[in-house]
Amino acid sequence: MTRLVVTSDVHGSYSTWLTLKDILTPEDSLAVAGDLFGTRYPIYGHADYQPERILEELKDFPNQFYFVYGNCDRASFSPGYENHLKFDFMEWKIFLHHGDRYFKQLPQDIIFPDVNLVIQGHTHVFALKNITYDISSDGEPHNSFHNCQKQMILLNPGSLASPRTHFYTYAVVDNNVIDIIDIKTAASLKSISVTKTISKQS
């Protein structure tokens, strides 16, 4: 079954990169919401910090790969990517970004008309929730109840390399369910489906 495996904030950790490769099946796609390499603030002298090796392995990476720069990535180190990306996966219309630029207010061009899943990282804390925006007839965000409402899901996969909670997490998106997975137990900590929301960990 095809899945979209989602991660963020790897920060050049080669052991984390190997873990991600082990999670993936040949049919899966991988989305990284920034700070894959962590080259803006390098961790010199740490044996696990190997952004060059990760970059080299991406040349022959067999899975579909989506990546955007984070605030700790340097475009000069890994040229050819962008700060945000829109793409389709199954029934999802996805906007992928790191989260340091649009953390409180999403940019107007993704709110209207078709995005239904926003993926971001940056905080190293997993999150999965439904969000609602009020959209006026001219496409500008509004607080008035007279405007139509835009429903989206916000996903932050947390971090497998350096989480700021007790949970080392990643996310899995399939056709109608999104799960936050604890790597140590393989348990779903939080899940959203297209028909209902199930919260196992607040």
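The values are calculated or read from the model by the stated rules, or taken from the named source; none is laboratory data. Since this is a predicted model, take the numbers as computed values, not measurements. Neighbour counts run over all protein chains shown; Cβ positions are idealised from the backbone, glycine included.
Suppose we keep only residues that are touching a residue at least 60 places away in the same chain (Cβ under 8 Å) and polar (S, T, N, Q) within segment 149-167. Which one would you say is farthest from residue 4 (Cα to Cα)?
Of all residues in segment 149-167, those touching a residue at least 60 places away in the same chain (Cβ under 8 Å) come to 155-162.
Narrowing the set further to residues that are polar (S, T, N, Q) leaves 156, 159, 162.
Numbers: 156: 14, 159: 16, 162: 21 Å.
It comes out as 162.
Return yes or no: is residue 80 over 19 Å from residue 122 (Cα atoms), modelled with pLDDT under 95 and out of contact with any strand residue (DSSP E or B) (no Cβ under 7 Å at 6 or more places or on another chain)?
No: the conditions fail for residue 80.
Working only within segment 1-14, note down all residues that are in contact (Cβ under 8 Å) with a residue 60 or more places away in the chain, over 15 Å from the mean Cα position of the chain (by Cα) and outside any loop (DSSP other than H, G, I, E, B). Outline the logic, then answer.
So in segment 1-14, the residues in contact (Cβ under 8 Å) with a residue 60 or more places away in the chain come out as 1-11, 13.
Filter once more, keeping what is over 15 Å from the mean Cα position of the chain (by Cα): 1-2, 13.
Across segment 1-14, the qualifying residue is only 13.
Could you figure out which of (1) out of contact with any helix residue (DSSP H, G or I) (no Cβ under 8 Å at 6 or more places or on another chain); (2) among the aromatic types (Phe, Trp, Tyr); (3) in a loop (DSSP other than H, G, I, E, B) isn't true of residue 87?
(3)
Going by the conditions given, is residue 190 buried (at least 16 other Cβ atoms within 10 Å of the Cβ) and at pLDDT 95 or above?
Values: buried (at least 16 other Cβ atoms within 10 Å of the Cβ): yes; at pLDDT 95 or above: yes.
So residue 190 passes the test.
Could you tell me how many of the residues in segment 39-50 are surrounded by 16 or more Cβ atoms within 10 Å (Cβ to Cβ) and touching a strand residue (DSSP E or B) at 6+ places or on another chain (Cβ under 9 Å)?
Counting residues in segment 39-50 that are surrounded by 16 or more Cβ atoms within 10 Å (Cβ to Cβ) and touching a strand residue (DSSP E or B) at 6+ places or on another chain (Cβ under 9 Å) gives 3.
Tell me the strands (runs of 3 or more DSSP E) entirely within segment 105-178 that contain at least 3 residues that are among the β-branched types (Val, Ile, Thr) and modelled with pLDDT under 95.
127-135
Residue-by-condition table, conditions (1) within 12 Å of the chain's Cα centre (by Cα); (2) surrounded by 18 or more Cβ atoms within 10 Å (Cβ to Cβ); (3) free of Cβ contacts under 8 Å to residues at least 60 places away in the same chain; (4) not in a loop (DSSP other than H, G, I, E, B):
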site: 30; (1), (2), (3), (4): yes, yes, yes, yes
site: 37; (1), (2), (3), (4): no, yes, yes, no
site: 52; (1), (2), (3), (4): no, no, yes, yes
site: 62; (1), (2), (3), (4): no, no, yes, no
site: 80; (1), (2), (3), (4): no, no, yes, no
